[in-house]
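Student: Can you read through this structure? Questions will come right after.
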Amino acid sequence: MVTGLFALMLGVHPRQVHAWYLAVYVDAVEWVELPNTLGMSQYADGGVMGSKPYIATGKYIQRMSPHCKGCRYDPAQRSGDSACPFTTLYWAFLMRHEAALARNPRMGLQVKNVARLTDVQKQAVSERAAAIRRGEVGVAHE
């Protein structure tokens, strides 16, 4: 779940995610893994397998798992040096796909939240997301 949503929000090409899963999981069988990766995890089938992109902030990961314990990043922050990379990428994903997501009835609230951001806040998210994509911000415990 976490690797898939990270890849989606980061913007990794869905076929690369598919190939990676096949390479790293000994029990991955293509006829099962392909539709799950391209459809559910990466939302690359246009919504056939899932009704909305599976994206989440660091707060969701914090609530649903022990992975955030001891991490220096704040899952409630979307920008700034202490912002959780997952939260930053979540907001950047929403901003990048705002027009398409606005047509999805299950994404209405999230898209409205993007509209509430100021231009300065959007710029800060975009800059932090770009730094994450360049590898300048770690995504693990530092």
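The values are calculated or read from the model by the stated rules, or taken from the named source; none is laboratory data. Since this is a predicted model, take the numbers as computed values, not measurements. With ideal geometry, Cβ positions are generated from the backbone for all residues, glycine too; neighbour counts draw on all protein chains shown.
Student: Do we have G50 as within 22 Å of A7 (Cβ to Cβ), surrounded by 12 or more Cβ atoms within 10 Å (Cβ to Cβ), at pLDDT below 95 and outside the structural domain of P35 (by TED's automatic domain parsing) here?
Tutor: Criteria met by G50.
Student: Okay, next question. Evaluate the following for A92: is it among the small types (G, A, S) and under 14 Å from the mean Cα position of the chain (by Cα)?
Tutor: Here the answer is yes, as A92 does meet what is asked.
Student: A further question follows. Look at Y43 and say whether it is crowded, with 21+ Cβ neighbours inside 10 Å, part of a loop (DSSP other than H, G, I, E, B) and not basic (K, R).
Tutor: So Y43 fits the description; yes.
Student: Then there's this: Could you list all residues from the range 68-94 that are assigned to a loop (DSSP other than H, G, I, E, B), within 17 Å of R133 (Cα to Cα) and hydrophobic (A, V, I, L, M, F, W, C)?
Tutor: First, pick out the residues of the range 68-94 that are assigned to a loop (DSSP other than H, G, I, E, B): 68-73, 75-82, 84.
If we keep only those that are within 17 Å of R133 (Cα to Cα) as well, we get 73, 78-82, 84.
Selection gives C84 alone.
Student: Then there's this: Considering only residues that are of a type in the set (A, V, I, L, M), assigned to a helix (DSSP H, G or I) and touching a residue at least 24 places away in the same chain (Cβ under 8 Å), which ones fall in the range 95-129?
Tutor: Correct list: M95, L101, M107, A124, V125, A129.
Student: Step by step: first the residues of the range 62-73, then only those that are out of contact with any Cys (no Cβ under 6 Å at 6 or more places or on another chain) and surrounded by 11 or more Cβ atoms within 10 Å (Cβ to Cβ), then the one that is modelled with the lowest pLDDT. Which residue is that?
Tutor: By that ranking, first place goes to H67.
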